[in-house]
1. Given the options Trp71, His48, Ala12, identify the residue whose Cα lies farthest towards the positive end of the charge dipole of segment 9-89 (+1 on Cβ of Lys, Arg; -1 on Cβ of Asp, Glu).
2. Work out the FRET efficiency for Ala34 and Lys96 from their Cβ-Cβ distance, taking R0 = 30 Å, and round it to the nearest 0.05.
3. With a 10 Å cut-off between alpha carbons and a GNM built on the chain, which of His58, His190, His146 moves the most?
4. Grab the Cα-Cα distance for Ala186 and Arg336, subtract it from 0.36 nm times how many residues apart they are, and report the gain in nm with one decimal.
5. Once you have the Cα-Cα distance between Asp123 and Ala77, take 0.36 nm times their residue separation minus that, and quote the gain in nm to one decimal.
6. How would Phe228, Phe308, Phe62 line up from fewest to most surrounding beta-carbon atoms within 10 angstrom?
7. Using Cα positions and a limit of under 21 Å, work out the lysines in reach of Lys254, with same-chain residues fewer than 8 apart set aside.
8. Taking the Cα centroid of segment 221-249 and of segment 85-160, what is the distance between the two, rounded to the nearest whole Å?
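Bear in mind these aren't lab numbers, they're just calculated from the coordinates by the rules spelled out. What you see is a predicted model; the values in this text were computed from it and never measured. All Cβ positions, glycine included, derive from the backbone under ideal geometry; neighbour counts span all protein chains shown.
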Amino acid sequence: MHLPAPRGPLSAHLVDVLAGEVVLDATSVAAARAAAGTSAPLTDDDLHLSLWMLYELHYRGFDGVDDGWEWEPQLLAVRRELETVYERALRTACRKAVDAGVAAAGPDADLPEQLFGLVSSFDGPSLAKHLHREATAEQFKEVLVHRSIYQLKEADPHTWTIPRLPDGPKVALVELQYDEYGAGRAHRQHAHLFAEGMATCGLDRTYGAYVDAVPGLTLALSNAMSLFGLHRRLRGASVGHLAALEATSSLPCKKYVGGIRRLDLPEEIAEYFDEHVEADAVHEQVAVRDICGALVEQQPELRTEVLFGAAACLLTDSLLAEHVLTSWQLGLGSLRQPQQTEAVA
């Protein structure tokens, strides 16, 4: 994967550092502190592209960039500055949703019921409904481009959490992730199915191909998962995020399939979402009860963290849906580079 095009002073500096064009020094941390002072930490382009690049050093890296940068102390210091402001903004924005979810289930309810209460009480726009009934084929492809930032590494951010859990929740998470990774069949990995679907829709299936095309809030959605997965102290938030992701997947995916068939898009992309209609109905129960519920039974101090992670999942997804739908209502594309949805040779 190539280094992305910068979107501001910090991402420009980091691209130059990783490309070996400038020396990493204390000015990098100063630049990060300046970027972290943005008034829009949930969506800012420069902040989230910078954070996304730093996280990608832990995934597949970049062409021509030394793998040794992954644990470079000064880059980690830069990442910490960005993570601090992003996490603080997420916690502030999620507080009301967590309180509403607890109130919906009742303060004395067990953790699974509070999670379900949080999901059911969250009020956000329905992108799936629009894709089912009204979206054009090009709009549907735009959504695939947005989703590719996470879906092409689907399950990986939550896998970081496995060694951080006690035995019961750990085994349940391994069971769930085994399905995500194709149950022993590489060609059935969910990330592979999504890539196949993209290709048949005339889109570039290459990992990271559309980073330059998506706005900061799309990167922010992926960054939240990496933030939670890469910190042991946020293990509760990571599994809470996973629970909300699974609990809000099955029915929307059914609507996606309806939209795909209405638009006569390739069957391969319908297969990807079809896979999630049944699988995620099961995964929802595993994630909510066997992972989150069991974890909080053993480590009750993580209850609030689990609910926070779930709210963060719902919030970041809602912000993206709102951006996409608002753009379409205004007659605009939701991508920074709409031409990148054109067919790939």
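1. His48
2. Working: r = 30 Å, r/R0 = 0.98.
So, using R0 = 30 Å, E works out to roughly 0.50.
3. Taking springs between Cα atoms under 10 Å, the residue moving most is His58.
4. Working: separation 150, 0.36 × 150 = 54.00 nm, distance 3.26 nm.
Answer, rounded to one decimal: 50.7 nm.
5. Values: separation 46, 0.36 × 46 = 16.56 nm, distance 3.60 nm.
Working it through step by step, the gained length comes to 13.0 nm.
6. The order, fewest Cβ neighbours first, is Phe62, Phe308, Phe228.
7. Reachable lysines: Lys129, Lys141.
8. About 11 Å separates the Cα centre of segment 221-249 from the one of segment 85-160.
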